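The block underneath contains the structure these notes are about, expressed in structure tokens.
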Amino acid sequence: MKFFTKFQKPSKRTIALLIAAILMISVSAFGYFSDKETSNGNTFTAGSINLRIDGGDTNVVKFTASNMKADWQSCGRWELKNDGTLPGYVNIKKITVSDSENGLLEPEIEFGDDTADEGELSSLVSVKLFSSTNDSVWWEADDHQIYSGFCEGLGSSYNNLNILLQPGEKIYIVAQFNWWSNGDADSTGMSDGMEIDLEFKITQKSQ
């Protein structure tokens, strides 16, 4: 007697399940460990340099002298503050001295003034310019002299001061003007005028 075993043909669904199982086994056999972290919200903000003069950011007129004569004196100071967030060096970037004749008077001519378009005041009035860490207008031992002499000899700039100011720090630039007696030459300055303009600058300290 012969016995025959009859095998049933697998269905399409069974074949699909077998393929899926084989794929899962394959993926599991070749998988890798992994982990993930984040670095979100990275921000960048620039620092600042802001030089304030006498507490503000506008032009400051410090001297308005009139009716001057020999033995006249006037003192004043500028407060320079680093109101930024970075340290910087303060310098006097520019100084301009301008004389005006304002017409020749008879006494001026008598004492030798023959320049109708050139005033003499800057050659008669002297100035002591210095930096100070305190708010006094009088010279002290630890002050730093910038210039001392007649106004006509002021430099056009003083870019080598390099006064380092940390954020929030301040320095004072002081000017003492004096018209000492110059003898007969003083008479050549009658009615003359003089204007002095200064420009201060702060530059970021390099790292």
I need the full set of residues from the stretch 92-114 which are hydroxyl-bearing (Ser, Thr, Tyr) and in contact with a helix residue (DSSP H, G or I) (Cβ under 9 Å, 6 or more places away or on another chain), in order please.
SER98, SER100
Within the stretch 148-207, restricting attention to residues that are at pLDDT 95 or above, loosely packed, with under 14 Cβ neighbours inside 10 Å and among the acidic types (Asp, Glu), which residue is farthest from the chain's Cα centre (by Cα)?
GLU195
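The values are calculated or read from the model by the stated rules, or taken from the named source; none is laboratory data. As the structure is a computational prediction, the values presented were derived from the model and not from experiment. Quick reminder, even Gly has a Cβ in these numbers, built from the backbone with ideal geometry, and neighbours come from all protein chains shown.
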